[in-house]
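Here the structure comes first, spelled out in structure tokens, and everything after it is commentary.
The values are calculated or read from the model by the stated rules, or taken from the named source; none is laboratory data. Quick caveat: nothing in here was measured; it's all calculated off a predicted structure. So basically every Cβ, Gly included, is an ideal-geometry build from the backbone, and we count neighbours across all protein chains shown. Each accessible area value is taken on the protein alone, full model and side chains, heavy atoms only, with ligands, DNA and RNA left out. Shrake-Rupley method; radii C 1.70, N 1.55, O 1.52, S 1.80 Å.
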Amino acid sequence: MNTNISDIAFLFNGKKRPISGELYPVFGGNGIVDYSDESNAKDCVIIGRVGAYCGSVYRSEGPCWITDNAIGVQAKDKVNIDFLYYLLCSLHLNRKQIGAAQPLLTQKIISEICVSIPELCVQEKIASILCSLDQKIQVNRRINDNLQQQARTLYKSWFVDFEPFNHVRPNNWKTGKLKDILQLNRRAFKPGSNKSLPYLPIDTIPMNTFAIDEFKANDEAQSSLITFDKDDIIIGAMRVYFHRVVLAPCAGITRTTCFVLTPFDRAYLSFALLCCDQDSSIEYAQSTSKGTTMPYAIWEGGLGDMEICIPTYEIARKFNELILPILKKIQSSYFENNYLREMRDTLLPSLLSSNGRLS
């Protein structure tokens, strides 16, 4: 059946961001930006309305708050909300935006898009197939969260509480600075010089997890570029308080808005990553940042000069042997999740064009 989006969905603009809380996710144009105890929608689709994330599509199954940077979408009768989500994902809404300096999507633009949808029973079958792939991705993310918590717990046990050392810091550990174990890399990259490297801009780096979830296309990398290698530590330096600390699963490109850090000795990799991941480290980087409107963490005279307790090589090596397999599992999940996303995105257009012939 050919129809307009307005015939199958209710669209509404979000509202000003509420007071922070804990119960419900707050969606902006770039996904979840906070949590609140208030909600203004439930079981809906969220579309980025303005700016760099104009046309991005997200799904909330429960209550949520949608900010004024996004448009909420709810399904009308005889329309499956999950099917509607995948349908909207297939429309490349970012190509329908207006405005150059400030990209914009309106309810009117989205409402007038013509689509073809099958009967409800077929919608449900299509949604079930695609949801099963997304559910596996979510399972992998939960596994990553558990693995990361294990790593953080062991770091605290060894290097904060000193549990394996009778709760006393060993005398042969040195007091030094973070830059004594990590070097800052600034390997400049010319756009287009290596089209095989994936691009990791700062806003793609997830918050509070080591697991990179996605990369951007190589041709989106345009200016102020630097490269990183597999197993480099990448920290979002711009607005460092967002706590973006990841371990690169492969070589790639990022921008100078990030720190790219490599341990002088690989035996210190796990210790260094978890040291950078500490809330106290992020707070130190924030306290020494430069700028007010858009603060940037700095390395020299900033995070690199943070005083740390440096364990002996032997202790660092043993800790690395214990933690590195956990980190490798987290890294490998990127490749599995990427494969699942590619499978979903390949299936999506063929399923949507089946016109009820799905069996």
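I'd like the GluC sites (Glu not before Pro) in segment 102-183 restricted to DSSP loop residues with at most 12 other Cβ atoms within 10 Å, sorted by number.
Glu112, Glu119
Normalized C-alpha radius of gyration of segment 89-215, against 2.2 N^0.38 Å?
Rounded to two decimals, the normalised Rg is 1.75.
Tell me, what is the per residue accessible area of the chain in Å², probe radius 1.4 Å?
Result: 49 Å² of accessible area for each residue.
For a quick check of your reading of the filter: which trypsin sites (Lys or Arg not before Pro) in segment 192-244 sit in a DSSP loop and have no more than 12 other Cβ atoms within 10 Å?
Details: sites: Lys195, Lys216, Lys230, Arg239, Arg244; in loops: Lys195, Lys230, Arg239, Arg244.
Counting only loop positions with at most 12 other Cβ atoms within 10 Å, the trypsin sites (Lys or Arg not before Pro) in segment 192-244 are Lys195, Lys230.
Can you pull the Kirkwood radius for segment 87-134, inverse mean 1/r over Cα pairs, to one decimal in Å?
About 12.9 Å, per the Kirkwood formula over Cα pairs.
Taking Cα centroids, how far is segment 10-43 from segment 213-283 in Å?
Their Cα centres are 29 Å away from one another.
If every alpha-carbon in segment 227-359 counts as one equal scatterer, what log10 I(q)/I(0) does Debye give at q = 0.09, 0.13 1/Å?
The Debye formula, applied to the Cα set alone, gives -0.38, -0.66.
Multiplying the sequence separation of Gln138 and Glu300 by 0.36 nm and subtracting their Cα-Cα distance, what value in nm do you get?
So the extension gain works out to 54.5 nm.
Can you find, among Tyr86, Pro164, Cys64, the residue sitting farthest towards the positive end of the charge dipole of the chain, where Lys and Arg contribute +1 and Asp and Glu -1 at Cβ?
Farthest towards the positive end: Tyr86.
Could you give the distance between the Cα centres of segment 306-353 and segment 132-196, to the whole Å?
11
Which percent, to the nearest 5, of DSSP beta bridges fully inside the chain are antiparallel?
If we restrict to bridges inside the chain, about 90 percent are antiparallel.
Above 23 angstrom, tally the Cα pairs of segment 22-116 and express them as a % of all pairs, no decimals.
Every Cα pair in segment 22-116 considered, those over 23 Å come to 21 percent.
Using a probe of 1.4 angstrom, how much of the accessible area of the chain is carbon and sulfur, in percent? Walk me through the numbers on the way to the answer.
Details: 8830 of 17580 Å².
Taking all protein chains in place, the chain shows 50 percent carbon and sulfur surface.
For Tyr241 and Glu119, compute 0.36 nm times the residue count separating them, minus their Cα-Cα distance, and round to one decimal in nm. Kindly include the intermediate steps, with their values, before the conclusion.
Numbers: separation 122, 0.36 × 122 = 43.92 nm, distance 4.72 nm.
In short, 39.2 nm is gained.
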